[in-house]
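Contents: one structure, followed by commentary.
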Amino acid sequence: MMVMTAMAAAISALPFAASAQTTGPASSLSSDANAPTNISAEQMTGRPDREVVLERDVEIIRGETTMTSDKATYWIAEDEIEASGNVKMTRFGDRYTGDKLRFKMDAGTGYVENPTFHMRANSGQGAASRIDFESDDRALITQGTYSTCEGPDPDWYLSANTMHLDKGRDVGTAGATVVYFKGTPIIGTPYMSFPLSGERKSGVLPPSIGTTTRGGLEILVPYYFNIAPNRDFTFLPRIISKRGLQLGGEARYLGSTYAGETHFEYLSNDRETKTDRYSISTRHTQRLSPEASFGWNINAASDDNYPRDFSRNLATSTNRLLLRDINFRYQSDYWSLTARAAGYQVLQDIYALTPITRPYDRLPQVTFASARQDVGGFDWTANAEATRFYHPDMVRGDRYVINPSLSYPIVRPGYFITPKVSLHATSYSVRDPMTDLSASYNRSLPTVSLDTGLIFEREASFLGESMTQTFEPRMFYVKTPYRDQSMIPIFDTAEADLSFAQIFSENRFIGSDRISDANQLTLAMTSRFIEKNGVERLRVAFGQRFYFDEPQVTLPNRAPSNDKKSDFLASAALKLSDTLSTEGHLQYSATQKTISRANYGLSWRPEPKKVLNLTYRRDKANELSQIDVSGQWPIADRWYGVGRINYSLSDNTQVVNSTNRISEGLLGLEYKADCWIFRIVGQRLPTGTGQANTSLFFQLELSGLTKLGSDPMTAIRRNVPGYQLINQPSNVTGM
């Protein structure tokens, strides 16, 4: 027996297993096993080789494990501690307090009575009647609470009879659980799982609750399967009050040579239509070798009204051409070969004035492309294509295309000159299924072009700052002879919209069924103001195409244009400051003395979580005139507003009230507390001609635990350019 006062001792203890705390580095875990045990107290009695009794200001340290108490007994051979009175223990950043502790240091097992705890990984904390440390990775909490809110009176917490914390799997589970918010129970469940950090885990995801005009109340309770680090599956059962139970799923996978995802939905016996409803979308890419790859993109739906009845975003609500495509690609250094089979399912809009024309299927299409640059100063390309086009009602047949080109770029400081010659040779073999008549067509058209431009620079001043100003005039001449192509069917060709990219192309058409005759000259000018750091402060561009001979080649049922020049194009982008920018694009018809198309935009982002966007669009041909306003802005302490309105200015007879003028709309509020966020968002989506679906989202995000309600984040991000999560750090601008 011995008595020591204010004495410290170092005692070699048996090594013990890795701690349950995964936040500490592996090296710390192993060093703890081999570290000596240091003990200190005001009074120490016992036998140093067997048992030591410690009293007053007790402290026991091994590696990153520290325990303090009023009194403790340490059994050296068993490497076990029993402590009482103001017990505090820290292990790899996690903190525990309690009335009594018994802990076997080598095995990481033991218990604490009447404990509180705080976890370093996610700031999770709580209290309980007892914590049992079952192993280095697992702990059992009895009659406990859990929250990620700081302080003794958290805004939210869950209370459970039992909770299992598994740091090895990075997941907590609780049985007979009640979640309290502001002291009020808001949800009860016999079982709940939650993450112990930001890592993915298998388990029930937070339910999503919302309402739509087409489906009524919708409740989604997903279950997530974390199959592997590169594979997962989410089961998506959804109760739709007006229609029934919809089952769905989403599978994702990613490998070193492959990637893909599949999403499906199935509703048996829809209460509204009395039919089975479904949709599927699957995408896959696979690299067979460094040169070869294949993939598919297959989409299908049960009926024409599926996008209207089950729309949850603009892409699904307006997509009525569902692609089915399978492709193979082989690519070498200078050439590539692509083979594909593609078709479409057309979902007709019953409210549209004219039906949607089904595109041709390609069964199959084989494309060859090759190119070399700087071969004795020349650049050349040689492209070829063979396609079998199929349509159940219209002319079908085979098309063969060969399109070689040769150019000689001359690029010097301050100017460039690129003469080019190309040949477009096409052969058709077609048959009309209605008359069973066959025909063949051949067409060969040479094209000569000359692209040239100058680049001038000078030192200038703009908005009081020294900058470099450029002046870049450009001229592009094209000559293609006229050939009568009126007998050739239209498989995949349309007239391209006029743009700065298109006026410097050799063909007015997209596709190979029409080759425009051309004797034309494009003139354009671009000027830029560039800061010393390379930032483009201002860009202004003008362009127009002039016809020496009026183009004669047209699409069916369209008369040739007798205009001597194209519409005038103007474009400008101005960065007024680091936070304010604007841009505009204009297409002006000199013959009709009117603006054909216009697009103007203004964006202001003065601070993080503050953004305002204003856009005006006009398209005379499609009778479109819209104002689009969107933004995110703090409106009071901790309150943020988010919204978007796409308002139609068109004076159309189909528009009978102001509600129909809002083609798209979103309005929401967000509130950010220290450990939770509340969102309420309403959204209006067009689902067809004169049709819309209205959705309402409520979401309560309990930080580090779950998100309750419906998820509005996809809708917010798509509708508000520059939106930033309100729980992101303020130093992240999101711009």
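The values are calculated or read from the model by the stated rules, or taken from the named source; none is laboratory data. On a predicted model such as this, the values are computed, not experimentally measured, just so you know. Every residue, glycine among them, receives a Cβ derived from its backbone with ideal geometry; neighbour counts consider all protein chains shown. Just the protein is used for accessible areas: all its heavy atoms, side chains included, with ligands, DNA and RNA removed. Shrake-Rupley method; radii C 1.70, N 1.55, O 1.52, S 1.80 Å.
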(request) List the residues whose amide H sits under 5 Å from the amide H of residue 124, counting only those 5 or more places along or on another chain, with H placed 1.01 Å from N in the peptide plane. (result) 119
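Note down the net charge around residue 183, summing +1 for each Lys or Arg and -1 for each Asp or Glu among other residues with Cβ under 14 Å from its Cβ.
Details: positive: 182; negative: 153, 155.
Net of charged neighbours comes to -1.
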(message) Please compute the contact order of region 363-467 in relative form: average sequence separation of alpha-carbon pairs under 8 Å and at least six residues apart, divided by the residue count, as a percent.
(response) 20
(request) Express the accessible area of the chain per residue in Å², computed with a 1.4 Å probe while the remaining protein chains stay in the model. (result) 50
(message) Can you compute the radius of gyration and Dmax for region 403-456, using only the Cα atoms, both in Å?
(response) 19.7, 62
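Take the alpha-carbon positions of region 547-669, form their convex hull, and give its projected area averaged over all directions (one quarter of the hull surface) in nm².
Working: hull surface 45.8 nm².
Quarter of the Cα hull surface area: 11.5 nm².
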(request) Treat region 448-574 as a sphere of radius equal to its Kirkwood radius over Cα pairs and apply Stokes-Einstein at 20 °C in a medium of 1.002 mPa s; give the translational diffusion coefficient in µm²/s, rounded to a whole number. (result) 129
(request) For residue 285 and residue 562, calculate 0.36 nm times their separation in residues minus their Cα-Cα distance, and state this gained length in nm to one decimal. (result) 94.9 nm
(message) Please compute the volume of the convex hull spanned by the alpha-carbon atoms of region 358-469 and report it per residue in Å³.
(response) 172
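Based on the mean of other Cβ atoms within 10 Å per residue, sort peptides 226-234, 417-425 so the most packed one is first. Walk me through the numbers before you get to the answer.
On the way: 226-234: 13.9, 417-425: 16.1.
Output ranking for 226-234, 417-425: 417-425, 226-234.
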(message) Explain nothing, just the number: relative contact order of the chain, from Cα pairs under 8 Å at least 6 residues apart, as a whole percent.
(response) 6
(request) Take every Cα pair under 8 Å in region 542-635 that's 6+ residues apart, average their separations, divide by the length, and report that relative contact order as a whole percent. (result) 17
(message) Using the Karplus curve 6.51 cos²θ - 1.76 cosθ + 1.60 with θ = phi - 60°, what ³J(HN,Hα) values do you get for each residue of region 107-120, in whole Hz, with x for Gly and Pro?
(response) 9, x, 10, x, 7, 10, 9, 6, x, 10, 8, 9, 9, 6
(request) From the P(r) of the chain, can you give the percent of Cα pairs sitting at distances over 52 Å? (result) 34
(request) Figure the gain on full extension for residue 650 and residue 50 (residue separation times 0.36 nm, minus the Cα-Cα span) and round it to one decimal in nm. (result) 206.8 nm
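Go ahead and estimate [θ] at 222 nm for the chain from helices alone: -39,500 (n - 2.57) per DSSP H run with n ≥ 4, summed, over the residue count, rounded to 500.
Details: 5 runs with 29 residues, N = 735.
The helix-only estimate for the chain comes to -1000 deg cm²/dmol at 222 nm.
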(request) Give me the lysines in straight-line cross-link reach of residue 575: C-alpha distance below 28 Å, same-chain residues under 8 apart excluded. (result) 532, 609, 610
(message) At 1.4 Å probe size, what's the solvent-accessible area of residue 276? Round to the nearest 10 Å².
(response) 80
(message) Please compare each pair in 88/167; 100/182; 88/707; 242/672 to a cut-off of 29 Å on the Cα-Cα distance and tell me which ones are over it.
(response) 100/182; 88/707; 242/672
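Give me the number: length gained by fully extending residue 57 to residue 593, i.e. 0.36 nm times residue separation minus the C-alpha to C-alpha distance, one decimal in nm. List each step's numbers first, then the result.
Values: separation 536, 0.36 × 536 = 192.96 nm, distance 9.22 nm.
So the chain would gain 183.7 nm between residue 57 and residue 593.
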(request) Mind ranking 346, 448 by accessible surface for me, highest first, 1.4 Å probe? (result) 448, 346
(request) Evaluate E = 1/(1 + (r/R0)^6) for residue 550 and residue 469, where r is the Cβ-Cβ distance and R0 equals 45 Å; express this FRET efficiency to the nearest 0.05. (result) 0.75
(request) Would you grab the residues whose amide H sits under 5 Å from the one on residue 509? Only those 5+ places off in sequence or on another chain, please, with H modelled 1.01 Å from N. (result) 496, 516
(request) Would you mind listing how long region 139-240 runs along its three principal axes, going by Cα atoms, in whole Å with the largest first? (result) 45, 37, 23
(message) I'd like the carbon and sulfur percentage of the solvent accessible area for the chain, probe radius 1.4 Å, heavy atoms only, ligands and nucleic acids excluded.
(response) 56
